[in-house]
Each structure stands twice: as structure tokens, then as C-alpha cells.
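What follows is a short report on a single structure.
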Amino acid sequence: MTWLDLLWFPPVMLAIAMVLGAASADDDPPGDLTRSIVRTFVMLSVSVVAVGVVLHLVANAFAG
């Protein structure tokens, strides 16, 4: 992964979070769209970082 990949991470995650957050906001009270998007962004980001860490640890365990 390069620095350029890391620069693309927040905008791509934000775009995905806006779509998923807006889709899941149907169940939320009116006016709660921003909270839904932020919650989705945080959960997606944490999930991607967690998967990356696990894959890194597994790759290092078998390579070392």
C-alpha cells in the first residue's frame, strides 16, 4: 500500500458511507441522515482497518 492509496481511502469511504447511510436512514427519525452517514463511515473504516491488520498479521506469521 502506498501513500497515494491512503489518500484515496477517506474520500472513497465517505462516498460509500453516504450511499449506505442514506439507504439505512429510512428507519431513523427524520433529520438523522448525517448521524447515519457518520456512523456508517466509522464502521466501514474500522472494518477495513481491522481486516487489513488481520491479513498483515497472518501474512507475517506464514512468511516469518
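Do the sum for the chain: with -39,500 (n - 2.57) for every DSSP H run of n ≥ 4, divided by all residues, what is the mean residue ellipticity at 222 nm, to the nearest 500 deg cm²/dmol?
-29500 deg cm²/dmol
Please turn the phi angles of region 47-61 into ³J(HN,Hα) values with the Karplus equation 6.51 cos²θ - 1.76 cosθ + 1.60 (θ = phi - 60°), one per residue in order, whole Hz, x for glycine and proline.
Once rounded to whole Hz, the list reads 5, 5, 5, 5, 5, x, 5, 5, 5, 5, 5, 5, 5, 5, 5.
Probe of 1.4 angstrom, ligands and nucleic acids ignored: what's the accessible area per residue over the chain, in square angstrom?
Roughly 79 Å² per residue, with all protein chains present.
Hey, any idea what % of the chain's accessible area is carbon plus sulfur with a 1.4 Å probe?
76
Which angle between 0 and 90 degrees, to the nearest 10, do you get for helix 3-24 versus the longest principal axis of the chain when only C-alpha atoms count?
40
Rounded if a/c is under 1.5, else prolate if a/b is larger than b/c, else oblate: which is region 4-49, with a ≥ b ≥ c the root eigenvalues of its Cα gyration tensor?
Verdict is prolate for region 4-49.
The values are calculated or read from the model by the stated rules, or taken from the named source; none is laboratory data. Computed from a predicted structure; not experimentally measured. For accessibility, only protein heavy atoms count, side chains too; no ligands or nucleic acids. Shrake-Rupley method; radii C 1.70, N 1.55, O 1.52, S 1.80 Å.
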